[in-house]
């Protein structure tokens, strides 16, 4: 009986480990050779899996490279939904972001590389923008449920929050990182600029 209850957990952990192995292999090869020069076969070989197994997890190499960012989106939504019910949408967004980036710490080489790659390759940028669009819609729906407000304000709040975060990350990659400022500080400064418009 015990084996029956633990097997699904072990199976899910193994799937998660395989997914991360493919992601890391894809990011490593793309960083080394360039996105256009990397094939699915090369990623599968480095991850020690078959080409068929690769496609069980990812539709293409762009999805594999951007997996880390999309996982971060899922974590942000989960943390937003877990915030105290008495917090407004804006407070919950700020709290979720602070919690997420506090747990993640300063971006590692993989995180920085993924951000730079997405800005250089149209297919990665397109996937990134699609992911951000879906994230905006999800957060806006959750804000409506939390605040009881209208769709317009909720979409504006979610869109402004994500725009500020995106700009902060770009500034951090281009300037603040070299100056010794943490990404967490840069994001907080960007959100501070929006505080008068959305704080309740």
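Under 18 Å from a label point set 7 Å out along the Cα-to-Cβ vector of residue 197, the amide N atoms of segment 158-173 belong to 158-171.
For the chain, set up a Gaussian network in which alpha carbons nearer than 10 Å are linked by springs, and say which option among 13, 127, 153 fluctuates the most. In the Gaussian network model the winner is 13. With R₀ fixed at 35 Å, the C-beta to C-beta distance from residue 153 to residue 50 puts the FRET efficiency at about 0.10.
With 0.36 nm allotted per residue and the present C-alpha distance subtracted, the residue 182-residue 85 stretch has 32.0 nm of extension available. Computed from the coordinates I sent, Rg and Dmax of the Cα atoms in Å equals one of [x] 18.7, 57; [y] 18.1, 70; [z] 20.3, 74. Tell me the label. The listed entry that was calculated here is [x].
None of the figures in this text is laboratory data; all of them are computed from the coordinates on show. All values derive from a computational prediction rather than experimental measurement. Here the Cβ is made from the backbone with ideal geometry for all residues, glycine too, and neighbour counts use every protein chain on show.
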